[in-house]
Amino acid sequence: MKTELERIQNLIYEIRGYKVMLDSDLAELYGVDARSLNQAVKRNITRFPADFMFQLTEDEWILLRSQTVISKDNRGGRRYIPFVFTELGVAMLSSVLKSNKAIEVNMNIMRAFVKLRYYALSKPDTNNQIAELRKFLMLYIEKTDNKFSEHDETIRQIVHALNNLIEKPKELKKIGFRSDNR
């Protein structure tokens with residue numbers, strides 16, 4: 001049986017280089033309907049800039065739906081393209097949804113984001129594996145001479161995501177007192 005933290009981690013997706021959660025998944029966790037959650041957000045829209053929340057494109061929504069178990073539009077599912085919330089947006093939701101359940105759920109979601117980040121950073125050879133996969137995909141793209149199939153946009157998105165994972169933070173210049181007179 002999955003723990004609450006594992007359940008939440010399975011609801012986090014990578015889109016446009018961000019780790020995000022769907023509005024409907026967040027609404028379910030908070031015990032409200034997605035419409036109410038989105039209305040609360042719209043009433044406080046200045047708290048949700050583009051790096052906190054954005055609406056998926058139709059292509060992103062179709063791709064996400066095809067990879068997950070999300071009901072199709074013609075079967076009683078969603079009738080609009082969903083909004084997604086980044087880690088920052090989820091944190092901001094706690095100031096918009098002020099119930100005790102929202103606060104508790106929010107803490108668990110933050111723990112899930114932190115655990116995913118820690119896991120990614122704790123694997124020393126992960127970057128090498130990602131670099132190898134990226135190299136393989138780039139060779140595939142070159143071999144097809146840019147004669148792209150229906151899967152090419154997906155491959156481009158994978159390469160983009162891999163590039164984001166490989167990027168290392170820039171070395172910061174050390175500041176402060178030095179005792180060796182340099």
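Just so it is clear, none of the values below were taken in a lab; they were calculated from the coordinates. Please read all numbers here as calculations on a predicted model, not as lab measurements. Positions of Cβ are backbone-derived with ideal geometry, glycine not excepted, and every protein chain shown enters the neighbour counts.
Could you rank the peptides 93-104, 21-32, 42-53 by their average count of other C-beta atoms within 10 Å per residue, with the highest value first?
21-32, 93-104, 42-53
All other residues with a Cβ under 10 Å from the Cβ of residue 86 taken together, and with Lys, Arg as +1 and Asp, Glu as -1, what is their net charge?
Net local charge, residue 86 excluded: 0.
Non-local amide H neighbours of residue 53 (under 5 Å, H modeled in plane, Pro and chain starts lacking H): which ones?
Residues meeting the amide H criterion: 86.
By the gyration tensor of its Cα atoms, with a ≥ b ≥ c the square roots of the eigenvalues, what is the shape of the range 4-121: rounded for a/c under 1.5, prolate for a/b over b/c, or oblate? Provide the component values of the computation, followed by the final result.
Working: a/c = 1.43, a/b = 1.13, b/c = 1.26.
Rounded is the answer for the range 4-121, as its axis ratio a/c remains below 1.5.
State, to one decimal in nm, how far the label point of residue 80 lies from the label point of residue 117, with both points 7 Å from Cα in the Cβ direction.
Inter-label distance under the simple model: 3.0 nm.
Using only alpha carbon pairs under 8 Å that are at least six residues apart, calculate the relative contact order of the range 4-121 and give it in whole percent.
The normalised contact order for the range 4-121 reaches 35 percent.
How high is the FRET efficiency between residue 46 and residue 88 when r is their beta carbon distance and R₀ equals 25 Å, given to the nearest 0.05?
Plugging the Cβ-Cβ distance into 1/(1 + (r/R0)^6) gives 0.95.
Once R0 is set to 35 Å, what does the formula 1/(1 + (r/R0)^6) return for the Cβ-Cβ distance between residue 16 and residue 100, expressed as a FRET efficiency to the nearest 0.05?
Rounded to the nearest 0.05, the efficiency is 0.60.
Would you pull out the residues with amide H under 5 Å of residue 15's amide H, same chain only if 5 or more places away, H placed 1.01 Å from N?
Amide H neighbours of residue 15, under 5 Å, 5+ apart: 20.
Just check the range 5-51 against the gyration tensor rule for me: Cα atoms, a ≥ b ≥ c as the square roots of the eigenvalues, rounded for a/c under 1.5, and otherwise prolate or oblate depending on whether a/b exceeds b/c.
oblate
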